[in-house]
Amino acid sequence: MARSFQSVAITGASAGLGRALALELARRPGVRLYLSARDEARLAQVAAACRARGAGVETASVNVRDAAAVRAWLTACDRAMEGAYPLDLVIANAGVITGRAAGRVCEDAGAAADLVATNLGGAVATATAAGELMAPRGRGTIALVSSLAAFFPHADAPAYSASKAGVTAFATALDEALAADGVAVAVIHPGHVETAQTARQHGALPMMIAPEAAARRILAGLSRGRRRISFPLSLRVLLGLHGLLPRRLRHAINRPFRFHISDDSPG
């Protein structure tokens, strides 16, 4: 049965995939969007673009590493409009990428720890708070943005790969935990999406797609009630076969796809 989402909260909505998801949802009649990010100026621009498409929008500056702040924000979203439109979709999208800089053997350990706290810790905080709100009423969808890197760990971004594998494991377990309460938990595995983050990756980025195309695929899958959404499908299949190969052969195949990440953040 197709799902129609009318009240949606998105973390990391100021740019990239989060922005594209917000703009795509804003096309739907009567939708209310609750958008959060740390960059308030960029978030305001996204909100204005969504309102121009007819959506009702509220914004908040929320650090997903602060579980109490995330819970307070989602609770306020859920009870807005006197609770007439409780959240029916929460998308845990906020994330960052770090990795090996040019000339370094390994990525910086401090930056790696911060990344895991944001990518995995933020997803856990968001999904847990959403589940606590949705379970008592017996409905709702929680979507966590992972990555194909969960299945294909990058030698040049080990912490990023580990954080996304953690998101996938957490989402899979939470889906089982909330199944009896009528809450669906979906995990999303995009390949390379053209954003400011991928602009910092210097090297081959095969089968990269635009964020708008990624957003359409994600929302189509969520509307159909899919629990796992992975794309491009051809790349997902190739990565599955790649994992069956001997270690030395895998390393040889990986060599042309190695990259480094610049310290500068575009825009």
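The values are calculated or read from the model by the stated rules, or taken from the named source; none is laboratory data. Keep in mind that this is a model prediction, so the values were computed, not measured. Cβ atoms come from the backbone with ideal geometry, glycine included; neighbour counts cover every protein chain shown. When the accessible area is computed, the model is the full protein with side chains, heavy atoms only, and any ligands, DNA or RNA have been set aside. Shrake-Rupley method; radii C 1.70, N 1.55, O 1.52, S 1.80 Å.
Of I209, I229, which residue is closer than 22 Å to A20 by Cβ, without any contact (Cβ under 8 Å) to a residue 24 or more places away in the chain and among the aliphatic types (A, V, I, L, M)?
Details: I229 fails: without any contact (Cβ under 8 Å) to a residue 24 or more places away in the chain.
Testing whether each residue is closer than 22 Å to A20 by Cβ, without any contact (Cβ under 8 Å) to a residue 24 or more places away in the chain and among the aliphatic types (A, V, I, L, M) leaves just I209.
Residue-wise test of (1) in contact with a helix residue (DSSP H, G or I) (Cβ under 9 Å, 6 or more places away or on another chain); (2) more than 19 Å from A80 (Cα to Cα); (3) aliphatic (A, V, I, L, M).
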residue: R3; (1), (2), (3): yes, yes, no
residue: I10; (1), (2), (3): yes, no, yes
residue: G18; (1), (2), (3): yes, yes, no
residue: A26; (1), (2), (3): yes, no, yes
residue: V31; (1), (2), (3): yes, no, yes
residue: L35; (1), (2), (3): yes, no, yes
residue: R38; (1), (2), (3): no, yes, no
residue: A41; (1), (2), (3): no, yes, yes
residue: C50; (1), (2), (3): yes, no, no
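Report yes if A80 is small (G, A, S), in a helix (DSSP H, G or I) and over 15 Å from the mean Cα position of the chain (by Cα), otherwise no.
It is true that A80 is small (G, A, S), in a helix (DSSP H, G or I) and over 15 Å from the mean Cα position of the chain (by Cα).
Every residue in the stretch 197-213 that is open to solvent by 50 Å² or more (accessible area, probe 1.4 Å) and either at pLDDT below 90 or touching a Lys or Arg at 6+ places or on another chain (Cβ under 6 Å) (or both), please.
Selection gives Q197, A199, H202, M207, M208.
Taking the options D264, D181, D175, name whichever one is of a type in the set (D, E), open to solvent by 20 Å² or more (accessible area, probe 1.4 Å) and modelled with pLDDT under 85.
D264
Hey, among G18, G54, which residue is small (G, A, S) and either at positive phi or at pLDDT below 95 (or both)?
On inspection, the qualifying residue turns out to be G54.
Does the stretch 98-108 contain at least one residue that is over 25 Å from S223 (Cβ atoms), among the β-branched types (V, I, T), modelled with pLDDT under 95 and touching a strand residue (DSSP E or B) at 6+ places or on another chain (Cβ under 7 Å)?
Yes, the stretch 98-108 contains at least one residue that is over 25 Å from S223 (Cβ atoms), among the β-branched types (V, I, T), modelled with pLDDT under 95 and touching a strand residue (DSSP E or B) at 6+ places or on another chain (Cβ under 7 Å).
Go through the stretch 54-109 and give me each residue that's exposed (fewer than 14 other Cβ atoms within 10 Å of the Cβ) and touching a Lys or Arg at 6+ places or on another chain (Cβ under 7 Å).
S61, C106
Which count do you get for residues in the stretch 1-31 that are open to solvent by less than 10 Å² (accessible area, probe 1.4 Å) and in a loop (DSSP other than H, G, I, E, B)?
Adding up the residues that qualify gives 5.
Restricting attention to the stretch 81-98, and to residues there that are touching a helix residue (DSSP H, G or I) at 6+ places or on another chain (Cβ under 6 Å) and of a type outside the set (A, V, I, L, M, F, W, C), which single residue is farthest from G12 (Cα to Cα)?
Ranking the candidates gives P86 first.
Rundown of residues vs (1) within 12 Å of V90 (Cα to Cα); (2) of a type in the set (D, E, K, R); (3) open to solvent by less than 40 Å² (accessible area, probe 1.4 Å), yes/no style:
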{"site": "G122", "(1), (2), (3)": "no, no, yes"}
{"site": "T128", "(1), (2), (3)": "yes, no, no"}
{"site": "A135", "(1), (2), (3)": "no, no, yes"}
{"site": "I142", "(1), (2), (3)": "yes, no, yes"}
{"site": "V145", "(1), (2), (3)": "yes, no, yes"}
{"site": "P153", "(1), (2), (3)": "no, no, no"}
